[in-house]
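A.B. asks: Below you will find the structure I want to go over with you.
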């Protein structure tokens, strides 16, 4: 099973939307950061600071990316990018496991 | 903020009870394993293989430990042990962030 090696993990969870979305922060030796997160069904709006690469490990969702008015269906094994300083909306259909990479 | 350093993290989440409980597996250089997990409100029964130390990072729950018939209230900053090869029940009152250490 794929693992991240030689990393630091922040013990405390990041908690959003009453716990329906939670994630763990992973720090890499090169200074880069990812979060491994889990989202339960529902619709959630997120704001980005850095550019983000959202890899869907498992689950099914629709995403409304900034500058578009069409929802995109995404499922396990797929990914999407979100620009920095933007807003995106996800509609989670089934419990979704993800990895978010913050791109400086 | 406390971190675990020099560890490996399994990318894929462990998912229980339809996603109401999810966790991430952390492997340490000495071969020991912990999970960092998150539980939404509800009642859940778990079975242990190894002995477990359950540290509650944040949240409020009641736990029914094996061999007892009295629920114990536990909250962030507190911990409890569960024997190996046992069953315990938690009733999660508020979204609960935990660290589970598996004791060989």
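The values are calculated or read from the model by the stated rules, or taken from the named source; none is laboratory data. The structure presented is a predicted model; accordingly, all values stated were derived computationally and were not measured. A quick note on method: Cβ atoms are made from the backbone with ideal geometry, for glycine too, and the neighbour counts reach across all protein chains shown.
A.B. asks: Just the residues that are within 13 Å of the chain's Cα centre (by Cα) and part of a loop (DSSP other than H, G, I, E, B), please, taken from region A:25-44.
C.D. replies: A:40
A.B. asks: Another question, if that's okay. Of the residues A:85, A:20, A:47, only one is facing chain B (nearest Cβ under 8 Å), more than 23 Å from residue B:27 (Cα to Cα) and either without any contact (Cβ under 8 Å) to a residue 40 or more places away in the chain or within 12 Å of the chain's Cα centre (by Cα) (or both); which?
C.D. replies: After applying the criteria, what remains is A:20.
A.B. asks: Please count how many residues of region B:58-82 are surrounded by fewer than 18 Cβ atoms within 10 Å (Cβ to Cβ), in a strand (DSSP E or B) and within 14 Å of chain A (Cβ to nearest Cβ).
C.D. replies: Counting residues in region B:58-82 that are surrounded by fewer than 18 Cβ atoms within 10 Å (Cβ to Cβ), in a strand (DSSP E or B) and within 14 Å of chain A (Cβ to nearest Cβ) gives 3.
A.B. asks: From the list A:6, A:14, which residue is modelled with pLDDT of 95 or more and either under 22 Å from residue B:38 (Cβ atoms) or in contact with a strand residue (DSSP E or B) (Cβ under 6 Å, 6 or more places away or on another chain) (or both)?
C.D. replies: Of the residues listed, the single one that is modelled with pLDDT of 95 or more and either under 22 Å from residue B:38 (Cβ atoms) or in contact with a strand residue (DSSP E or B) (Cβ under 6 Å, 6 or more places away or on another chain) (or both) is A:14.
A.B. asks: Which is closer than 25 Å to residue B:37 by Cα and touching a helix residue (DSSP H, G or I) at 6+ places or on another chain (Cβ under 9 Å), of A:48, A:96, A:35, A:25?
C.D. replies: A:96
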